[in-house]
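Only one structure is covered here, and it is reproduced in the block below.
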Amino acid sequence: MGTSIVLKIALDRELCQGHNRCKRIAPELFELDDYGIASVVGDGTVPAGQEEQARLAVANCPEFAISINEVPEGEKR
Amino acid sequence: MSARPPVTDWLTDFDHQSPQWIADPFPIWDKIRASACPIAHTDRYQGVYLPTRYQDVRDIAYDPEHFSSRRVVIREEYPLDAKAPPITSDPPEHRPARMVLLPAFTPKVIDKLEGHTRALCDELIDSILARHAAGEPIDAAVDYAQHIPVRVIAHMMGLPSDTGDLFREWIHLTLVAGITDPQALVRGFSEMTHYLKDVVAERRANPGEDLVSYLLQAKFDDHEFDDEHVIGTLRLLLIAGIDTTWSGLGSSLWHLATHADDRRRLVAQPDLMPTAIEEFLRAYSPVTMARVIKEDTELNGCPMKAGHGVLLSFPAANRDPEMFPDADKVLIDRKENRHAAFGLGIHRCIGSNLARMEMTVGVEQWLRRIPEFTLDKDRPMTWSIGTVRGPRLLPVRIGA
């Protein structure tokens, strides 16, 4: 049986400047610290049904701080 | 204002205070962007460059080594070098001054101000509708947009809401009259500083839950901030937070007054509000910042000389077709919109969540209660002069 593919998002906190666009677009995928700097929730795995929000969060980040990758399920990256 | 020599060539002699620029800057930027050198220059204002491509604006914003924030406004003269940290700070002073402010402007904090903002919008609309019923003419900038940010910031600082009128007077002196009249600038500046000194002294003695008290107690790493620093930061919050948001809200209402299709669509589909607000921010970005070149450098093949200024035009970057498909069209359902209206890099607007909230609530309440309105062409409509762009007179006719 083949491994299934999941989407994973990653956020570079060095690039994040706290615009908070991602948090508004995909509130369940991102969290903010006390300074408004974002990070991904959990390991960044995008739950089924939230793929579009994840893509939009990437496409609206003014600092190009978020990336999205397809990874085999269970793989760490 | 004295007569300005007319612009001879937009590539080599631009003037961001010329009537043509003020009325409609977009074709000027498009022309410069499409030319062989998309970074224009002018000998006016002691020498200034104007990048128009998104990439060039971004590269400058990311390079505080060469492009200093010591001066963030382009003027004819610089009668005072006022510090307003962190907007006028470069690394390494910039970081602590910024970090200490960030917690006061996160969504968690700003969301709590939404109810207050909505109530004050409603109060303004009550008065507008009463005056409209009495047959008086209505101006969406003068009677509405300009009052919202001053009252919200007064509320945040724990000051009575009519303090907002004082703030508006200082903003006028420093940012409008002060562009051409150095005396007005100095007067507005010193009145504002004097007032803030008293507020700071009062809150030192009697701290409360407000933003001033927060700043006086705040620390980042081992940095504490003296009164002068806090006064500078409060000055920044007034200068940077007021006419910018009022301009963004005014431009949004101008668009809706002149585009009935978008207005009706937004009334019918209020869930489009988030993308509509981001699109208004992109297409009518109010804020152009400035930088000073620290040493001779080159940007994407264009030599840039030390001592000259740079107009860091986020508004022009946001109209770059390389970055935004249909850049010249306003699409209120644009989903992919990586606009730079709040700047890029370390100087990202600290009040962006506040500005967004005020613009959203301001447009929402207006549309709920005044869904039908158009620009009144029998009265003058004017745009601001300077590096913050928005309607200053926005006469509207209410009703279908």
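The values are calculated or read from the model by the stated rules, or taken from the named source; none is laboratory data. Here the structure is a predicted model, which means the values were calculated and not measured. For neighbour counting, all protein chains shown are included, and Cβ atoms are generated from backbone atoms with ideal geometry for every residue, glycine included. Just the protein is used for accessible areas: all its heavy atoms, side chains included, with ligands, DNA and RNA removed. Shrake-Rupley method; radii C 1.70, N 1.55, O 1.52, S 1.80 Å.
Tabulated values for the structure
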read-out	value
Highest-first arrangement of B:332-345, B:293-306, B:203-216, where packing means the average Cβ count within 10 Å	B:332-345, B:203-216, B:293-306
Cβ crowding within 10 Å averaged over residues, with A:4-12, B:127-135 ranked highest first	A:4-12, B:127-135
Threshold 20 Å² - residues in region B:255-282 whose accessible area is reduced by that much or more when the chain is no longer isolated, probe 1.4 Å	B:278
Nonlocal amide H pairs with residue B:287, under 5 Å, H built at 1.01 Å	B:389
Estimated distance in nm for a label pair at residue B:258 and residue A:51, the labels positioned 7 Å out from Cα along Cα-to-Cβ	4.2 nm
Separation between Cα centres of region B:150-173 and region A:17-74, rounded to whole Å	36 Å
Karplus-derived 3J(HN,Hα), 6.51/-1.76/1.60, for each residue of region A:42-51, Hz, glycine and proline x	x, 9, x, 5, 8, x, 3, x, 10, 4
Of A:23/B:108; A:8/B:112; B:219/B:294; B:83/B:294, those spanning more than 23 Å from alpha-carbon to alpha-carbon	A:8/B:112; B:219/B:294
Of all accessible heavy-atom area on chain B, the percent that carbon and sulfur account for (1.4 Å)	53 percent
Under the Karplus curve 6.51 cos²θ - 1.76 cosθ + 1.60, θ = phi - 60°, whole-Hz ³J(HN,Hα) for region B:167-175, x wherever Gly or Pro sits	4, 5, 5, 5, 4, 4, 5, 7, 9
Accessible area per residue in Å² at 1.4 Å probe, computed on chain B	41 Å²
Cα gyration tensor category, rounded, prolate or oblate, for the protein assembly as shown with a/c compared to 1.5	rounded
Rounded percent of accessible protein surface that carbon and sulfur make up, chain A, 1.4 Å probe	50 percent
Relative contact order (%) - region B:214-351, alpha-carbon pairs under 8 angstrom, separation at least six	21 percent
Computed helical MRE - 222 nm, the protein assembly as shown, DSSP H runs ≥ 4 contributing -39500 (n - 2.57), nearest 500	-12000 deg cm²/dmol
Full-extension gain in nm, residue B:123 to residue B:13, via 0.36 nm per residue minus C-alpha separation	35.0 nm
Inter-probe distance in nm under a simple model that places probes 7 Å from Cα toward Cβ, at residue B:162 and residue B:219	4.1 nm
Accessible area that becomes buried as B packs against A, both chains, 1.4 Å probe, Å², nearest 100	2000 Å²
In sequence order, calculated HN-Hα J values of region B:68-74 (Karplus, 6.51, -1.76, 1.60; Hz; x Gly/Pro)	7, 9, 3, 10, 10, 10, 9
